[in-house]
Amino acid sequence: MSAVLPDLDLDALLDDRNTRIIVCCGSGGVGKTTTAAAFALRAAERGRDVVVLTIDPARRLAQSLGLTELDNTPRPVEGIDTSAGGQQHAMMLDMKRTFDDIVLEHADKGRAEQILANPFYQSLSASFAGTQEYMAMEKLGQLHARGEWDLIVVDTPPSRSALDFLDAPNRLGSFLDGRFIKILTAPAKVGGFGAFKLLTSGFSLVTGALGKLLGSGLLADVQSFVNALDTMFGGFRERAEATYRLLQAKGTSFVVVAVPEADALREASFFARRLAEEKMPLAGLVLNRVHPRLADLTAERSLAAAEQLDVPHPTSAQSLAGGLLRLHAERVELNRREARHAGRFAASHPGISMLRLPAQAEDVHDLDGLRAVTEAAQQAV
């Protein structure tokens with residue numbers, strides 16, 4: 001018999017005023033954005049002051065929330081039920097804008113202008129591996145510091161691996177602290193003319209070789225960027241560490257979102273173990289797009305009944321009934337397969353709560369669709 005996980009009480013999680021941050025994480029394509037938006041809407045309509053932060057560039061969240069656009073500024077969501085006293089804001093991370101804001105906040109005007117105009121910075125802020133995940137953590141820290149909402153719901157970036165969100169600060173920090181960066185900043189950090197002269201003779205040989213490899217223009221841009229940004233390096237690491245502690249703190253809850261498929265649940269299993277290793281609070285697994293059985297009829301009996309309707313000249317009613325019975329048999333088999341995948345996860349992670357969100361008949365594109373996601377949550381049979 002397959003292992004079964006206890007049910008995750010979504011309303012208890014959302015209603016708990018001690019819960020201040022909910023992080024929806026998981027591999028790409030499992031419905032994190034829709035889940036985050038649906039959770040935020042339900043929390044707001046149950047009386048919480050909520051802001052939902054999405055990192056989804058497809059802008060599906062804006063459409064479903066009835067907004068013409070989402071950007072780096074929280075915008076109020078109209079049309080929600082405010083009778084319980086709640087409200088909702090929504091925003092979409094603008095990775096480069098967030099990076100620019102950090103530069104403007106932590107550097108004087110002249111140095112900030114120098115950094116923002118630097119071609120290497122423009123490339124780094126737009127496309128460096130891990131920058132999106134790191135900036136998501138920066139933005140979470142900023143929203144928490146503002147103290148305007150009693151619940152922040154975060155939709156983590158659509159990464160190849162769900163672990164990228166947790167690894168991003170270390171990855172960016174390793175880049176900033178790496179040997180290449182230290183070589184480029186070495187002359188600016190050396191004290192005394194004699195030491196500077198001794199070092200720059202060797203430095204010239206290194207940069208000459210790098211110039212041939214990278215091109216003198218790119219190397220000059222990198223050096224200029226690094227020297228201008230040097231005073232900010234410590235700030236990056238300090239803020240990353242502060243947000244990391246926030247993710248570990250009481251009041252933060254992670255939910256791992258997955259679909260009932262082997263690869264997605266394997267990724268969810270890796271993430272659950274990583275959260276435990278990092279001592280980060282896991283509220284439970286959200287199993288999205290499940291297909292519960294709709295009738296107490298086995299696949300075998302359904303197919304047997306369909307075969308009895310296979311007569312030489314069936315009526316339209318017989319044909320329709322036979323087709324429906326075969327569809328039901330397929331649904332039962334799909335339900336069994338999904339239950340086996342969920343059972344394997346449960347066997348590896350006993351005690352983790354699970355919330356099942358049934359598959360919707362159509363794509364979510366408005367507030368009613370988001371409401372349907374959580375209202376339809378039920379124990380799949």
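Since every read-out is calculated from the coordinates, none of them should be taken as a lab result. Every value quoted in this text rests on a predicted model; they were computed, and no experiment measured them. A quick note on method: Cβ atoms are made from the backbone with ideal geometry, for glycine too, and the neighbour counts reach across all protein chains shown.
The table that follows gives values for the structure above.
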quantity	calculated
The stretch 247-352: translational diffusion in µm²/s, Stokes-Einstein, Kirkwood Rh over Cα pairs, 25 °C, 0.890 mPa s	150 µm²/s
Cα point-scatterer Debye curve for the stretch 340-381, base-10 log of I(q)/I(0) at q = 0.23 Å⁻¹	-0.80
Förster-model FRET efficiency, 56 Å R0, residue 316 and residue 116, C-beta, rounded to 0.05	0.20
Inverse mean reciprocal Cα-Cα distance (Kirkwood Rh) of the stretch 303-381, Å	15.7 Å
DSSP-loop trypsin sites (Lys or Arg not before Pro) across the stretch 252-293, with at most 15 other Cβ within 10 angstrom	279
